[in-house]
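Heads up: the structure comes next, in structure tokens.
The values are calculated or read from the model by the stated rules, or taken from the named source; none is laboratory data. A quick note: this is a predicted structure, and the numbers were derived from the prediction, not measured. We place every Cβ from the backbone using ideal geometry, glycine too, and count neighbours over all the protein chains shown. The protein model used for the area step is the full one, side chains on, heavy atoms only, and it has no ligands, DNA or RNA in it. Shrake-Rupley method; radii C 1.70, N 1.55, O 1.52, S 1.80 Å.
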Amino acid sequence: MVTQLKKKRLRLYKDRLNIILDIAQTINEDHSIEDLLSEFEILLREELEVGKVLVYTFSNDVWKNLLISGVTDEEAASIDVEQDLLQYETIESITLSHPPNLKGFDAVIPLFHRYKAIGYVLIGDIEEEQQGISPTIKHLKLIQIISNLIIVFVENKRMQQELLEQEVIKKEMELASRIQNQLVPSKHQLPKTSKLDIHTYYQPHMGVGGDYYDVFRLSRNKIGFCIADVSGKGISAAMLMSNFQAVIRSSFSYSCNLKKLVHQLNARVNESANSEKFITLFIGRYNLITRRLSYVNAGHLPPLLYDARKQQLIHLQDGCIGLGMLDFIPSIEVGKVHIPKGSKLLAFTDGLVELDDGHQVESGAEEVEEIMNNNHPLEHNFLGLRKIIDRIENEGAAFDDISLIGLEFK
């Protein structure tokens, strides 16, 4: 009799070991989550005679149903993991004392990883009176082992997917960064002239920015320059700016009509952005001989012009709304100003003056104006601006990308 009992137990252990090995092999073969759950469901219902199964998993700080079998949607919806299951820290039979929302189930199997609950399994029989001793009671430990294997597999799959998504984002950001670097001219690419000193600065806030600036010679006696800021960041913003730069480079000439150019740019932004983004722009054309500056400010922060003759700051704000805000810009005003010798101009994006103090966005415009409102050389002013930038970066107050164009008129 003892020998027969030992043989029966041995067969039972072998059967359980084979079940675990089969599940482990399925996991090692890297089947899909759906295939693995399907095999788990068949195992529970046909091999272990478990009639009702609910499997919960904790992912991205949310409890989710991983498997529902033999249970109605209403039964599953009535169970709140945090209220009904978190109290269980060990396998527990609830056959004789069903909590209200767990009626119809025989056992709760908690699943832990590194002392943290990562899942729960609820199991029960459909027709207990025909089963004799409940299969759920006989196979609790086995079901826990298999469930743990599956939950860990699902979690690993999720983490692999997150890593893949992060790698895709990383590649996109690298591409956007390369595009961005192509948009921003280096120091040696800036035009050289004895009548104009040019200073620039660029600092993206998150690796890839939505700023763009350019300075280029339109003719022997005319210099064109612009600074722009696109709403949003990342690859889409970089691609939009790349397209935007191409239009400016091909259409901005020494004799073009600035109003028509801005209308053309607005149309291109609308085509490319599909009303999802807009661009603020300041674009100017300076005649080195007549010392006349013509410009359009399309919703951008007004550049600061220090008039050396009057010894005062002028805000260059004539223009229109931002590009891409409307299908057609109803009115565009072209600003025109004579630039006295010794004057200087600073154009910048909002990252220089919009500061995050942890509660709200504050303006640092007054400090920038104070740095520019003097007869000091522009190079000296830029040193002061760099101190501001270093300070807001160190304080964590940087809110956006920072781009600067400075022109000193000889």
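Do we find that S251 is out of contact with any helix residue (DSSP H, G or I) (no Cβ under 9 Å at 6 or more places or on another chain), modelled with pLDDT of 90 or more and of a type outside the set (D, E, K, R) in this structure?
No; evaluated as a whole, the condition is false for this residue.
Could you say which residue among Q189, Q161, Q166 is in contact with a strand residue (DSSP E or B) (Cβ under 9 Å, 6 or more places away or on another chain) and at pLDDT 75 or above?
Q189
Between V53, V81, V71, which is out of contact with any helix residue (DSSP H, G or I) (no Cβ under 6 Å at 6 or more places or on another chain) and within 16 Å of L111 (Cα to Cα)?
Of V53, V81, V71, the one residue that is out of contact with any helix residue (DSSP H, G or I) (no Cβ under 6 Å at 6 or more places or on another chain) and within 16 Å of L111 (Cα to Cα) is V81.
Within the bounds of region 121-137, is there any residue that is over 30 Å from F409 (Cα atoms), aliphatic (A, V, I, L, M), modelled with pLDDT of 80 or more and loosely packed, with under 11 Cβ neighbours inside 10 Å?
No; the residues of region 121-137 include none that is over 30 Å from F409 (Cα atoms), aliphatic (A, V, I, L, M), modelled with pLDDT of 80 or more and loosely packed, with under 11 Cβ neighbours inside 10 Å.
Out of all the residues in region 187-205, which are open to solvent by less than 40 Å² (accessible area, probe 1.4 Å) and part of a loop (DSSP other than H, G, I, E, B)?
Answer for region 187-205, where residues must be open to solvent by less than 40 Å² (accessible area, probe 1.4 Å) and part of a loop (DSSP other than H, G, I, E, B): L190, P191, P204.
Show the residue pairs that are 6+ apart or on different chains and have beta-carbon atoms under 9 Å apart, the first residue being within region 308-331 and more than 22 Å from Q264 (Cα to Cα) and β-branched (V, I, T), the second being open to solvent by 20 Å² or more (accessible area, probe 1.4 Å) and in a strand (DSSP E or B).
I314/V337
Out of the residues in region 91-120 that are of a type in the set (S, T, Y) and closer than 15 Å to F58 by Cβ, state the one that is modelled with the lowest pLDDT.
It comes out as Y115.
So, R291, is that one charged (D, E, K, R) and in contact with a Gly (Cβ under 9 Å, 6 or more places away or on another chain) or not?
no
When the residues of region 258-277 are filtered to those that are open to solvent by 80 Å² or more (accessible area, probe 1.4 Å) and over 12 Å from C320 (Cβ atoms), which remaining residue is nearest to the chain's Cα centre (by Cα)?
Residue satisfying both the conditions and the ranking: E276.
Do you know which residues across region 310-357 are outside any loop (DSSP other than H, G, I, E, B) and among the aromatic types (F, W, Y)?
Passing the criteria: only F348.
Every residue, every condition in (1) open to solvent by less than 20 Å² (accessible area, probe 1.4 Å); (2) more than 30 Å from S255 (Cβ to Cβ), yes or no:
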| site | (1), (2) |
| --- | --- |
| G322 | yes, no |
| V337 | no, no |
| D350 | no, yes |
| E354 | no, yes |
| E366 | no, yes |
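Do we have V230 as modelled with pLDDT of 90 or more and either surrounded by 15 or more Cβ atoms within 10 Å (Cβ to Cβ) or under 16 Å from the mean Cα position of the chain (by Cα) (or both) here?
no
I'd like the full set of residues that are outside any loop (DSSP other than H, G, I, E, B) and either crowded, with 16+ Cβ neighbours inside 10 Å or of a type in the set (D, E, K, R) (or both), limited to region 75-116.
E75, V81, E82, D84, E92, L102, A107, V108, I109, P110, L111, K116
Which members of region 303-316 meet the condition of being buried (at least 16 other Cβ atoms within 10 Å of the Cβ) and either at positive phi or within 36 Å of the chain's Cα centre (by Cα) (or both)?
P303, L304, L316
Residues in region 283-302 that are within 22 Å of T193 (Cα to Cα) and open to solvent by less than 40 Å² (accessible area, probe 1.4 Å): how many?
Residues in region 283-302 being within 22 Å of T193 (Cα to Cα) and open to solvent by less than 40 Å² (accessible area, probe 1.4 Å): 10 in total.
So, in region 243-257, of the ones that are of a type in the set (F, W, Y) and closer than 18 Å to P191 by Cβ, which residue ends up surrounded by the most Cβ atoms within 10 Å (Cβ to Cβ)?
F252
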